[in-house]
Every structure is written in structure tokens, then in C-alpha cells.
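Before any comments, here is the structure.
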Amino acid sequence: MAYPPLRIGILNLMHDRAATRSRFEYVLQQANIAVQTEFFYPVSHYRQRAVPVSVQALAAPLSEIELAKLDGFIITGAPIEHLAFCQVDYWAELQTLIDQLVTHSLPQLYVWWG
């Protein structure tokens, strides 16, 4: 019996978005199950500037997320260890996302590179 693919949303906050996306896709393909990934970026991070074409090519705006269609969600870390929280321009958006993930009871995985 074939099952539909798992749909996993990924908020990719890493600076090397293309390489991070490739790594996640590779790892998820190794699991012997069908997985469909959807990558997102925080809209508020680009409030003061245009979203780079390279980002648009790799991910959709977080504002377009449809949580009801997802089976799980991954949030990557970001190299912000030297910033105060008030300098993280997408912090409120991230908090809203986490609240929505909890409300929808979506399994979550948080990945920070060390």
C-alpha cells in the first residue's frame, strides 16, 4: 500500500540557503519514505529591502504557509549569536509561527548548527 508523501515545511534561516536546502533534501531522501519539502523565508527580514531573487527561487514567503497541508515543520538556526533579540528583525514572525505550529499540533524539529 502506497502512502502519500509526507509534506514537511522548512523555515530556512541559514545564510547559505542553497547549501542548507540541498543538505535537508538529501537527508530526507535517504529515509525510505516519500517526502515533499516546502521551504519558506521570514517576510519581516526583508521589510526594508527587496527579497533577493536567489531567496525567491529557493523559498516561499512565510506569510503564504498553509499549515493544514503540512505533516511537520523544521526550523533551522541562524548565525545570530552576536545579536540582541531586538536586532533579530523576524523574531515576532518566528514567535507567531511557533504558536501556530503548537495550535495545529504539528510535529516540529529545530536544527541549529554548532
Pairs of alpha-carbon atoms within less than 8 angstrom and 6+ residues apart define the contacts here; what relative contact order does the chain have, in percent? 33 percent
Size of charge dipole - the chain - debye, nearest 20, with Cβ of Lys, Arg +1 and Asp, Glu -1, no other charges: 200 debye
Could you tell me what percent of the accessible area of the range 1-52 is made up of carbon and sulfur, with a 1.4 Å probe and every protein chain present? 56 percent
Rank-order 30-36, 53-59 by packing density, defined as the average count of other C-beta atoms within 10 Å over each peptide's residues, highest first. 53-59, 30-36
Compute the helix-to-body angle for 91-103: its Cα long axis versus the longest principal axis of the chain, expressed 0 to 90° and rounded to tens. 30 degrees
Solvent-accessible area per residue for the chain (1.4 angstrom probe, square angstrom): 65 Å²
Inter-probe distance in nm under a simple model that places probes 7 Å from Cα toward Cβ, at GLN36 and GLN87: 4.0 nm
With θ taken as phi - 60° and the coefficients 6.51, -1.76 and 1.60, list the Karplus ³J(HN,Hα) couplings across the range 54-64 in order, rounded to whole Hz; mark glycine and proline as x. 4, 6, 4, 6, 9, 8, 9, x, 4, 5, 9
If you take the Cα atoms of the range 1-58, find Rg, then find the Kirkwood Rh from the mean of 1/r over all pairs, what is Rg/Rh? 1.07
Burial order of peptide ranges 7-20, 74-87 (average beta-carbon count within 10 Å, highest first): 7-20, 74-87
Cα-based Rg/(2.2 N^0.38 Å) for the chain, rounded to two decimals, is 1.08
Could you work out the helix-only [θ] at 222 nm for the chain, with each DSSP H run of four or more residues adding -39,500 (n - 2.57) and the total divided by the number of residues, to the nearest 500 deg cm²/dmol? -9000 deg cm²/dmol
With contacts defined as alpha carbon pairs under 8 Å and 6 or more residues apart, what's the relative contact order of the range 1-50 in percent? 51 percent
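The values are calculated or read from the model by the stated rules, or taken from the named source; none is laboratory data. What you see is a predicted model; the values in this text were computed from it and never measured. Backbone-built Cβ (ideal geometry, glycine too); neighbour counts: all protein chains shown. Quick note on the areas: whole protein, heavy atoms, side chains included, nothing else; ligands and nucleic acids left out. Shrake-Rupley method; radii C 1.70, N 1.55, O 1.52, S 1.80 Å.
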